[in-house]
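Report on the structure given below.
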Amino acid sequence: AAANWRRSQYTQYLAGTVHIEPNNILDEIMPPVLKPEMSKVDGLAFIGLSLARKSDRGHNQSVTHQIAFDLNDILDRGYEYLSATNDDGWLVGGGEPGPPKSYKLAAKDSAHVELMRIGTYNPEWGGISETEIIEVMKSGKILIPQVEVLPTDVIANKDSPPELEIRFDMPHGPDFVDTTAPLPANWQLRFIHNQLFKHFYNPSRFCPGPFHSTIVRKAEFRSKKHKDAYFAMCDAVLKKWKIAGPRPLNANPVDNKSGIWLFADRTKPTHFFPPNFLPPYDTEEKRKIILSYLTEEWDEETLSWKKAKYPEKKKAPPAEKSFMEWCGNPIETLLGAGRADDKSADLETK
């Protein structure tokens, strides 16, 4: 949240819509880059995941990089719950098709999750050369596991009006004692992120908040009841995905190369890096490597490493619970039953 707030303030400051005293500029509005005084020019290059997926409801030039999740399931293309968004409209689920299907800016699907913001490819501006990044990523110095992810939440961030984001959190920490215990969902993201942060030390390096993909910006709901109904719909979808478990981000059913991408910006994934650290991950050697990178986390306030803190593992629901009890009654949720009980429990784990 702090990183997202700083980014928002930084953008508004550059646009001239917010005033901040000059001596507080670095502390209050810059993103949490590694070396603020040496980060000369802001940029959008990053390493991350692509969740792009072509859809007949989206832009006809969208491409498919994964078939695990149809993000249209959590969109409100018919504006039943939302009254307005910014002019980009829906960023995921195939993107915006443009007239006559929609009257937002036509754009391809740009669904993604940032693992490390690079900024620019100019070292003099605080970035890294594209050539150096590609050489490192192809060298094997960064271990890339078979990436399997699970969406864990849909939230409205702290912006006003908010961005809607789909989150990919680790629901609990790994078991550092029983090394045969299953690893938590989304462990691969922290594993790769920490390696990238330990290898690259360019001044503009940072990560924009928790691992997430922005769905839409400046989301305005018709009413609180409509907002509750929208998030109840999302919760039902998330529970369906949870039952299926983490999924690889492959473009077709026969692929087995769920890896990561280099993006010039969110609309331009340019280089794909396939897995080079392959399953199984329960051998003693591999588990030691994995856990060694999950013991720490980057503190964006102090710009240093600290011991990682994870939510406690939640107890599984009783085995006798029926599917309808577990997933919720969609008719009740759409009539406004809300998501308060489930949501409060989820938030306690973050």
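The values are calculated or read from the model by the stated rules, or taken from the named source; none is laboratory data. Everything quoted here is computed from the prediction, not taken from an experiment. Heads up, the Cβs are rebuilt from the backbone with ideal geometry, glycines too, and the neighbour counts pull from every protein chain shown. Ligands, DNA and RNA are excluded from the accessible area calculation, which covers all protein heavy atoms including side chains. Shrake-Rupley method; radii C 1.70, N 1.55, O 1.52, S 1.80 Å.
Quick notes on this one:
- Averaged over its residues, the range 179-327 has an accessible area of 53 Å² per residue, based on protein heavy atoms and a 1.4 Å probe.
- By the Cα gyration tensor, the range 76-209 has an equivalent ellipsoid whose semi-axes, rounded to whole angstrom, run 32, 23, 14 from largest to smallest.
- Residues of the range 89-104 with amide N under 16 Å of the 7 Å Cα→Cβ point at T64: 93-95
- Evaluated over the range 112-163, the Cα radius of gyration and Dmax, each in Å: 16.1, 43
- For the range 155-274, size of Cβ-based charge dipole, Lys and Arg +1, Asp and Glu -1, in debye: 360 debye
- Size of the range 31-109 as Cα extents on the principal axes (Å, biggest first): 47, 29, 22
- Computed over all pairs of different Cα atoms, the Kirkwood value for the hydrodynamic radius of the range 139-254 is 16.7 Å.
- The alpha carbon centroids of the range 124-196 and the range 221-290 are separated by 10 Å.
- About the Cα centre, charge dipole magnitude for the range 158-203 (Lys/Arg +1, Asp/Glu -1 at Cβ), debye: 180 debye
- Solvent-accessible area of Y121, all protein chains in place: 70 Å² (probe radius 1.4 Å, heavy atoms, ligands and nucleic acids excluded).
- Here the label points at K257 and M38, each 7 Å from Cα along the C-beta direction, are separated by 3.6 nm in the simple model.
- The residues D109, D228, D42, sorted by heavy-atom accessible surface at 1.4 Å with ligands and nucleic acids left out, run D42, D228, D109 from largest to smallest.
- Over the range 101-246, relative contact order from alpha-carbon pairs under 8 Å, at least 6 apart, %: 34 percent
- All Cα-Cα separations within the range 165-207 were binned at 5 Å from zero, giving a P(r) of 5, 19, 21, 20, 16, 12, 6, 2, each value a whole percent of the pairs.
- Accessible surface of the range 142-237 [probe 1.4 Å, protein heavy atoms]: carbon and sulfur percent: 52 percent
- Remark: accessible surface ordering of K288, K257 (largest first) is K288, K257, probe radius 1.4 Å.
- For the range 119-191: relative contact order, % (alpha-carbon pairs under 8 angstrom, 6 or more apart): 22 percent
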